[in-house]
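Working notes for the structure below.
Taken together, the values in this text are just the output of simple stated rules run on the coordinates, not laboratory data. Everything numeric here is computed off the predicted structure, so don't read it as measured data. For neighbour counting, all protein chains shown are included, and Cβ atoms are generated from backbone atoms with ideal geometry for every residue, glycine included.
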């Protein structure tokens, strides 16, 4: 087995892995798509099983654009959920000492708390 035979085998292995990855990605997209009803999903799955390469090419041509939009929407939703989680864990900045003193000063000005309660809140915020 020569060097070129080795390269040819590597090319075939690469192509097989790429084909398997495309089929897996298409199946994932079929079942994640909420716009397709059950019969349409079953039809695509049967088409992909009976004629895999033709079915994959037709699916990518017919639904490739919406496939990218769905993936982008899922990525955006995941990023938003991550940002919301980080904000909930880290706090939104309103728990800083200056913000707490300002809130307590507003309560003092409105007469909701007394001067001694304000001093206690201020000491607690600073500590």
Cβ-Cβ under 6 Å, sequence separation 6+ or interchain: first residue in the stretch 100-122 and assigned to a loop (DSSP other than H, G, I, E, B), partner surrounded by 13 or more Cβ atoms within 10 Å (Cβ to Cβ). Which pairs? 113/107
Do we have any residue at all in the stretch 80-91 that's free of Cβ contacts under 8 Å to residues at least 12 places away in the same chain and touching a helix residue (DSSP H, G or I) at 6+ places or on another chain (Cβ under 8 Å)? no
Is it true that residue 40 is out of contact with any strand residue (DSSP E or B) (no Cβ under 6 Å at 6 or more places or on another chain) and without any contact (Cβ under 8 Å) to a residue 24 or more places away in the chain? yes
I need the full set of residues from the stretch 35-49 which are part of a helix (DSSP H, G or I) and either in contact with a helix residue (DSSP H, G or I) (Cβ under 8 Å, 6 or more places away or on another chain) or within 19 Å of residue 61 (Cβ to Cβ) (or both), in order please. 40, 41, 43, 44, 45, 46, 47, 48, 49
